[in-house]
Amino acid sequence: MPELPEVETVRRTLIELVCGKTIQAVEVKLPRIVRTPEDPQLFAALLADQTIRDIGRRGKFLTFVLDDYILVSHLRMEGRYGLYQAADPVEKHTHVIFSFTDHTELRYKDVRQFGTMDLFSHEEAFTKPPLNKLGLEPLEESFTFEAFKKVIHQRTTMIKPLLLNQAYIVGIGNIYVDESLFQAGIHPERSANSLTTNELHRLYDAIKQTLQEAVAAGGSSIKSFVNGQGEIGMFQHQFKVYGRAQQPCTNCGQPIERYVVGGRGTHICPKCQSNKSKLKK
């Protein structure tokens, strides 16, 4: 958390809140949040007088498009942005403050302190880590069935860890992998190369539909996710399996089970997603 739908929700909110604003100054209270450049003072100096022209997303990364630079921001577990008046008290765990010329401030808060920021030129942003080795974007036109099949069908790894690997498909975290596999009727421990063409089609459609519905609902608020305006997501009310261990399956009534697959907590319906291999509880 947050995953693609949550980051996309934040992106859309921030476009409304800060696009067109010009940065007057930047204060970095926790230097390790800034990775590129290594000197947080240089980071702040480069951002002065830059106007936010657009805000994009690549997988789970936000990309703030400025006049001369692109700021790449990863929220990690609990990072969040909020727009404040300059006179508003600065809340605890606020680590970076972007002060605008109109006397408002975009503040980055992160209780867990895992978030990152990297500042690149326009030419470098997508050719260097962390964006240069990311996989297919599941909500873009380039995410065709043939492209999906190409990265999936010949691999021998289990399908769930494969879908979580950002080098193949970006943005689908644990929640949405569980929901997509359930919708497609596929067990998470199936090897990717064992899936039939029909199953691949079902999974492809399930991924797109699940993510689209989650974005429309503003993402999922499991613990602390809120968008840039402090609003929670609502997709958690539509979960079919995730977080519903021992509750009846909405399709067949069988109790949902929770297992560990590839080191991640995993929720399945044992009847709708049957598999001959034995799982480890």
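Of the residues making up region 162-183, just one is crowded, with 23+ Cβ neighbours inside 10 Å, more than 16 Å from Arg258 (Cα to Cα) and small (Gly, Ala, Ser), namely Gly171.
Where residues in region 92-113 are closer than 14 Å to Thr51 by Cα and charged (D, E, K, R), which of them is surrounded by the most Cβ atoms within 10 Å (Cβ to Cβ)? If we take residues in region 92-113 being closer than 14 Å to Thr51 by Cα and charged (D, E, K, R), then Glu105 is surrounded by the most Cβ atoms within 10 Å (Cβ to Cβ). The residues listed here are Phe143, Phe148; of these, the one that is part of a loop (DSSP other than H, G, I, E, B), closer than 21 Å to Ala214 by Cα and not aliphatic (A, V, I, L, M) is Phe143. Would you call Glu231 at pLDDT below 65, of a type in the set (Asp, Glu) and in the same structural domain as Lys149 (by TED's automatic domain parsing)? Yes, satisfied. Does Asp88 meet the test of being in contact (Cβ under 8 Å) with a residue 24 or more places away in the chain, surrounded by fewer than 19 Cβ atoms within 10 Å (Cβ to Cβ), assigned to a loop (DSSP other than H, G, I, E, B) and assigned by TED's automatic domain parsing to the domain that holds Arg35? Answer is no for this residue.
Whenever a residue of region 20-32 is without any contact (Cβ under 8 Å) to a residue 40 or more places away in the chain, its partners that are among the hydroxyl-bearing types (Ser, Thr, Tyr), lying with C-beta atoms within less than 8 angstrom and at least six residues away or across chains, give the pairs Gly20/Thr51. Count of region 33-67 residues, restricted to those that are small (Gly, Ala, Ser) and either crowded, with 18+ Cβ neighbours inside 10 Å or touching a residue at least 60 places away in the same chain (Cβ under 8 Å) (or both), is 2.
Checked against the criterion of being over 22 Å from Val10 (Cβ atoms) and either assigned by TED's automatic domain parsing to the domain that holds Leu203 or of a type outside the set (Lys, Arg) (or both), the candidates Glu105, Glu140, Glu146 yield just one match: Glu146.
Restricting attention to region 115-127, the residues that are part of a loop (DSSP other than H, G, I, E, B) and surrounded by 14 or more Cβ atoms within 10 Å (Cβ to Cβ) total 4. Residues in region 76-89 that are touching a Phe, Trp or Tyr at 6+ places or on another chain (Cβ under 8 Å) and either over 14 Å from Leu30 (Cβ atoms) or of a type in the set (A, V, I, L, M, F, W, C) (or both): Met77, Arg80, Tyr81. Of the residues making up region 12-29, those that are under 15 Å from Lys109 (Cα atoms) and among the hydrophobic types (A, V, I, L, M, F, W, C) are Leu14, Val26, Val28. Looking only at region 188-201, decide whether some residue is in contact with a helix residue (DSSP H, G or I) (Cβ under 7 Å, 6 or more places away or on another chain), part of a helix (DSSP H, G or I), closer than 25 Å to Glu6 by Cβ and not hydroxyl-bearing (Ser, Thr, Tyr). No, region 188-201 contains no residue that is in contact with a helix residue (DSSP H, G or I) (Cβ under 7 Å, 6 or more places away or on another chain), part of a helix (DSSP H, G or I), closer than 25 Å to Glu6 by Cβ and not hydroxyl-bearing (Ser, Thr, Tyr).
The values are calculated or read from the model by the stated rules, or taken from the named source; none is laboratory data. No experiment lies behind these values; they were computed from the predicted model shown. Glycine also receives a Cβ, built like all others from the backbone with ideal geometry; neighbour counts cover every protein chain displayed.
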